[in-house]
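The values are calculated or read from the model by the stated rules, or taken from the named source; none is laboratory data. Everything numeric in this text was worked out from a predicted model, so none of it was measured. FYI the Cβ positions are ideal-geometry reconstructions off the backbone, even for glycines, and counts take in every protein chain you see.
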Amino acid sequence: MASQVPLTLSLLLLLFGYADSLAEIIPAGYDTVLLNRSSFPVDFIFGTASSSYQYEGAVKEGGRGPSIWDTFTHNYPEKITDGSNGDVATDEYHRYKEDVGLMKDMNVDAYRFSISWSRLLPNGKLSGGVNKEGIKYYNNLIDALLANGLKPFVTLFHWDLPQTLEDEYGGFLSPHIVNHFKDYAELCYKEFGDRVKHWITLNEPYSYSNGGYAIGTLAPGRCSEWQNLNCTGGDSGTEPYLISVSAPRPFQLD
């Protein structure tokens with residue numbers, strides 16, 4: 001034990017000395033002179049971002065249909081860190097004006113949000129009818145952003161596939177998804193394209209295919225049985241590939 005004391009003292013002295021040297025290099029406190037807007041190009045865009053399921057809430061209001069994330073969070077709460085779901089979330093559906101006000105106070109330039117496919121098309125298809133309340137909500141949000149000097153950036157798909165399409169043909173595992181996604185995208189461009197000039201088609205396709213179809217940690221929670229991860233079925237060796245390469249085929253709008 002006695003032989004360890006000098007070593008401990010030496011280590012402490014070394015740490016104190018290192019801390020003193022750092023203090024001489026790093027100025028006390030944070031100085032915005034070192035990093036501020038002028039540190040970036042004039043046209044650099046500062047903004048905030050969200051996803052519909054994580055922020056909107058109101059999952060059973062305004063004519064919205066269920067998505068695979070509604071099913072996943074309620075059936076597998078243990079796969080969510082705190083066991084929560086998006087039933088209420090941050091309630092942006094009702095409080096979007098407050099959110100826009102906060103962003104304006106933060107002096108950001110833009111807001112990237114995603115559209116809930118099942119809020120516009122409750123059963124995922126045009127043939128099932130367009131939900132006018134959903135159209136109105138996003139129109140109001142976009143108009144509020146523009147009125148406050150914020151540019152809207154819209155993500156078409158942030159993983160919340162309408163549950164009806166998952167039930168009918170397995171969602172993105174089937175080529176049938178292509179035409180239904182095309183219809184949904186064209187509806188968004190038609191309703192919001194006069195004001196929205198920046199579009200993101202798919203959010204993080206790797207995370208969606210890996211988490212949703214290889215290891216089952218994201219909706220729809222599919223993976224191979226041998227992984228013992230309490231999945232809804234699936235094939236970890238082939239389905240992520242189908243999702244990433246085969247199903248989301250490119251198309252050109254007329």
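Structure notes:
- Residues being in contact with a strand residue (DSSP E or B) (Cβ under 6 Å, 6 or more places away or on another chain), within 28 Å of LYS60 (Cα to Cα), of a type in the set (A, V, I, L, M) and free of Cβ contacts under 8 Å to residues at least 60 places away in the same chain are represented in region 198-220 by at least one member.
- Only one of the numbered conditions (1) over 21 Å from the mean Cα position of the chain (by Cα); (2) in a helix (DSSP H, G or I); (3) of a type in the set (A, V, I, L, M); (4) under 23 Å from GLY86 (Cβ atoms) is violated by ILE243, and that is (1).
- Note on region 119-137: residues that are out of contact with any Lys or Arg (no Cβ under 6 Å at 6 or more places or on another chain), surrounded by 13 or more Cβ atoms within 10 Å (Cβ to Cβ) and small (Gly, Ala, Ser) total 2.
- Residue check, SER118 without any contact (Cβ under 8 Å) to a residue 60 or more places away in the chain, in contact with a strand residue (DSSP E or B) (Cβ under 6 Å, 6 or more places away or on another chain) and within 21 Å of LEU156 (Cα to Cα): yes
- Search result, residues across region 44-63 that are of a type in the set (S, T, N, Q) and part of a loop (DSSP other than H, G, I, E, B): SER50, SER51
- When ARG195, ARG222 are screened for being surrounded by fewer than 16 Cβ atoms within 10 Å (Cβ to Cβ), in contact with a helix residue (DSSP H, G or I) (Cβ under 6 Å, 6 or more places away or on another chain) and not polar (S, T, N, Q), only ARG195 passes.
- Region 121-134, residues that are free of Cβ contacts under 8 Å to residues at least 12 places away in the same chain and part of a loop (DSSP other than H, G, I, E, B): GLY129
- Flag for LEU120 being modelled with pLDDT of 95 or more and either touching a Pro at 6+ places or on another chain (Cβ under 9 Å) or more than 15 Å from TYR96 (Cβ to Cβ) (or both): yes
- ARG112 being crowded, with 20+ Cβ neighbours inside 10 Å, touching a residue at least 24 places away in the same chain (Cβ under 8 Å), in contact with a Gly (Cβ under 8 Å, 6 or more places away or on another chain) and closer than 22 Å to GLU204 by Cβ: no
- The residues of region 154-196 that are of a type outside the set (Phe, Trp, Tyr), in contact (Cβ under 8 Å) with a residue 60 or more places away in the chain, in a loop (DSSP other than H, G, I, E, B) and under 23 Å from ILE135 (Cβ atoms), listed by number, are HIS158, ASP160, LEU161.
- PHE72, sole failed condition from (1) within 20 Å of PRO162 (Cα to Cα); (2) part of a strand (DSSP E or B); (3) of a type in the set (Phe, Trp, Tyr): (2)
Per-residue answers, yes or no, for (1) touching a strand residue (DSSP E or B) at 6+ places or on another chain (Cβ under 9 Å); (2) more than 19 Å from LEU156 (Cβ to Cβ); (3) in a loop (DSSP other than H, G, I, E, B); (4) free of Cβ contacts under 8 Å to residues at least 12 places away in the same chain:
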| site | (1), (2), (3), (4) |
| --- | --- |
| VAL42 | no, yes, yes, yes |
| GLY65 | yes, no, yes, no |
| ASP87 | no, yes, yes, no |
| MET103 | yes, yes, no, no |
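- Checked against (1) under 30 Å from ASN107 (Cβ atoms); (2) surrounded by 15 or more Cβ atoms within 10 Å (Cβ to Cβ), ASN140 passes all but condition (2).
- Test: residue in region 71-79 that is touching a Phe, Trp or Tyr at 6+ places or on another chain (Cβ under 9 Å), among the acidic types (Asp, Glu) and at pLDDT 95 or above: no
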